[in-house]
1. Step by step: first the residues of region 161-188, then only those that are part of a helix (DSSP H, G or I) and under 18 Å from the mean Cα position of the chain (by Cα), then the one that is nearest to residue 207 (Cα to Cα). Which residue is that?
2. Kindly indicate which of 83, 72 is without any contact (Cβ under 8 Å) to a residue 40 or more places away in the chain, crowded, with 24+ Cβ neighbours inside 10 Å and outside the structural domain of residue 239 (by TED's automatic domain parsing).
3. Given (1) farther than 28 Å from residue 219 by Cβ; (2) in contact with a helix residue (DSSP H, G or I) (Cβ under 7 Å, 6 or more places away or on another chain); (3) touching a residue at least 12 places away in the same chain (Cβ under 8 Å), identify the lone condition not met by residue 99.
4. Within the group 195, 174, 180, 215, which residue is over 21 Å from residue 74 (Cβ atoms) and modelled with pLDDT under 95?
5. Go through the residues of region 421-440 one by one and say whether even a single one is of a type in the set (Asp, Glu), surrounded by fewer than 20 Cβ atoms within 10 Å (Cβ to Cβ) and touching a Gly at 6+ places or on another chain (Cβ under 8 Å).
6. For region 192-243, what are the residues that are closer than 23 Å to residue 54 by Cα and charged (D, E, K, R)?
Amino acid sequence: MGKYFGTDGFRGRAGDALNSEHAYKIGRFLGWYFGKKQGKKAKIAIGKDTRLSSYMLEYALASGAASSGAYVYMLHVTTTPSVSYVTSSDRLDCGIMISASHNKYNDNGIKIVNSDGEKIDDDLIAEIERYIDLGEPTIPFEADEKIGRIIDFSAGRNRYIGYLISSCAHSFKDLRIGLDCANGGAHMIAKSVFDALGAKTYVINASPNGVNINDNAGSTHIEGLCAYVKRNSLDVAFAFDGDADRCIAVDENGNVINGDHILYILSKEFKKKGELAKDTVVTTVMSNFALYKALEREGIKYEATAVGDRYVYESMMKNAYSLGGEQSGHIIISKYATTGDGILTAIKLTETMISQKTTLSKLCASLVMMPQITENVSVFDKDAVMNNPSVIKKCEDVKHELSDSGRVLIRKSGTENVIRVMVEAESYQKCKECVDKIVITIAKEGLCCE
């Protein structure tokens with residue numbers, strides 16, 4: 001990854017690490033790259049989530065692109081998968097989503113997809129970063145009739161809603177379904193979709209004010225939805241993150257159904273229908289070991305990639321697999337999407353419940369997760385932690401202590417200045433003890449921010 005762009009775009013504290021000048025330059029470059037360089041008017045879609053800073057970055061991107069002669073199609077508040085869908089279906093040159101996904105409102109991000117709705121390649125990222133830092137190549141300002149246009153394209157978002165509805169083969173009539181929209185982009189879309197499919201919808205965290213996105217809400221703060229399900233006797237519920245490319249479910253008993261559970265349920269259903277390509281599902285190294293054992297029992301093969309939906313999708317495309325995802329709830333179903341799509345995932349889980357005539361809890365009853373704890377540690381320098389001799393030794397000591405009864409994984413976040421320490425063991429107490437040993441070592445070495 002580059003200086004600014006990580007595994008999921010350019011992300012940082014809005015107004016500081018990611019400011020309007022960065023956005024303006026990115027817009028300038030993309031308008032030129034896909035337009036003037038190729039002898040045509042570039043066509044670029046822009047969507048945003050509900051963060052206070054998303055509006056600032058949206059206008060900066062649009063202004064930069066139009067100044068390079070591009071036609072800019074404004075989707076307004078929407079979701080990341082909708083930007084990918086519109087860009088691909090309308091054969092636009094690229095799409096831009098302004099979002100920091102599950103992060104707090106203080107952060108923001110710029111995600112860019114190509115004309116196929118897939119994340120742009122590293123070579124183009126390197127060119128964008130060169131322009132941000134050095135102003136190279138020199139890009140002229142267009143004038144007169146060559147100036148680009150900024151076009152309201154909320155109709156594109158509405159077509160995406162129609163696409164989601166059309167992807168479903170069942171009516172959700174009589175189902176009581178909860179939706180936690182994280183005060184993010186899903187609040188414009190999710191309820192409309194589930195209402196149209198016939199469900200009786202119960203929605204929380206759908207009143208964004210610019211600063212409450214992901215604030216004790218959504219897929220990273222699932223406890224509120226769990227209580228809501230039990231309080232309202234719902235059949236199932238789904239929590240999305242700020243840009244709705246993730247989905248975490250809650251069953252009828254108020255229990256959390258994470259990305260590993262979802263992969264297990266959908267892989268079995270797809271295999272039954274003959275839709276699981278090569279009988280293989282793609283996971284990441286963060287997936288619970290119990291998932292692999294459960295897949296093996298079902299005669300389903302798996303591949304484990306580095307953490308990040310980017311790597312999951314690359315493996316799927318390279319090997320023509322149809323299903324992949326992350327424990328965090330990024331689920332990619334290649335028949336329908338080129339990115340994780342939380343609302344689509346929720347639809348497919350609900351369809352599986354209907355086709356199997358059962359509850360969500362029963363669909364994953366045979367998957368008993370191994371105790372696993374992941375702790376996020378804010379650090380000054382991620383590489384310094386990963387290369388610190390004391391930290392390396394402590395990780396090796398913990399691995400030796402666990403032997404064959406568990407595993408340790410320490411890795412850099414691709415989107416935050418955070419080190420993630422994950423331990424699986426025979427009990428949560430053992431997990432916590434082992435995680436604490438590593439985190440304490442990081443702190444003693446003076447590497448923590450807090």
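1. As a first pass, look at region 161-188 and keep what is part of a helix (DSSP H, G or I): 161-166, 185-188.
Subset that is under 18 Å from the mean Cα position of the chain (by Cα): 164, 185-188.
Values: 164: 22, 185: 11, 186: 11, 187: 8, 188: 10 Å.
Filtering first and then ranking leaves 187.
2. Details: 72 fails: without any contact (Cβ under 8 Å) to a residue 40 or more places away in the chain.
Within the list 83, 72, the selection yields 83.
3. The failed condition is (1).
4. Working: 195 fails: modelled with pLDDT under 95; 180 fails: modelled with pLDDT under 95; 215 fails: modelled with pLDDT under 95.
Step by step, each of 195, 174, 180, 215 is checked, and only 174 is over 21 Å from residue 74 (Cβ atoms) and modelled with pLDDT under 95.
5. Keep residues of region 421-440 that are of a type in the set (Asp, Glu), which gives 424, 426, 433, 436.
When the remaining residues are screened for being surrounded by fewer than 20 Cβ atoms within 10 Å (Cβ to Cβ), the result is 426, 433, 436.
From the residues that got through so far, the ones that are touching a Gly at 6+ places or on another chain (Cβ under 8 Å) too are 426.
Yes, because at least one residue in region 421-440 is of a type in the set (Asp, Glu), surrounded by fewer than 20 Cβ atoms within 10 Å (Cβ to Cβ) and touching a Gly at 6+ places or on another chain (Cβ under 8 Å).
6. 215, 241, 243
Condition check ((1) under 19 Å from residue 307 (Cβ atoms); (2) among the charged types (D, E, K, R)) across all residues:
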site	(1), (2)
382	yes, yes
385	yes, no
391	yes, no
398	no, no
402	no, no
411	yes, yes
419	yes, no
423	yes, no
428	no, no
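Each row is one residue, and each column tells you yes or no for (1) surrounded by 15 or more Cβ atoms within 10 Å (Cβ to Cβ); (2) among the acidic types (Asp, Glu).
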position: 126; (1), (2): no, no
position: 132; (1), (2): yes, no
position: 136; (1), (2): no, yes
position: 140; (1), (2): no, no
position: 145; (1), (2): no, yes
position: 153; (1), (2): yes, no
position: 160; (1), (2): yes, no
position: 163; (1), (2): yes, no
position: 167; (1), (2): yes, no
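The values are calculated or read from the model by the stated rules, or taken from the named source; none is laboratory data. These numbers come from a predicted model, not from an experiment. Cβ coordinates were reconstructed from backbone atoms using ideal geometry, including for glycine residues, and neighbour counts include every protein chain displayed.
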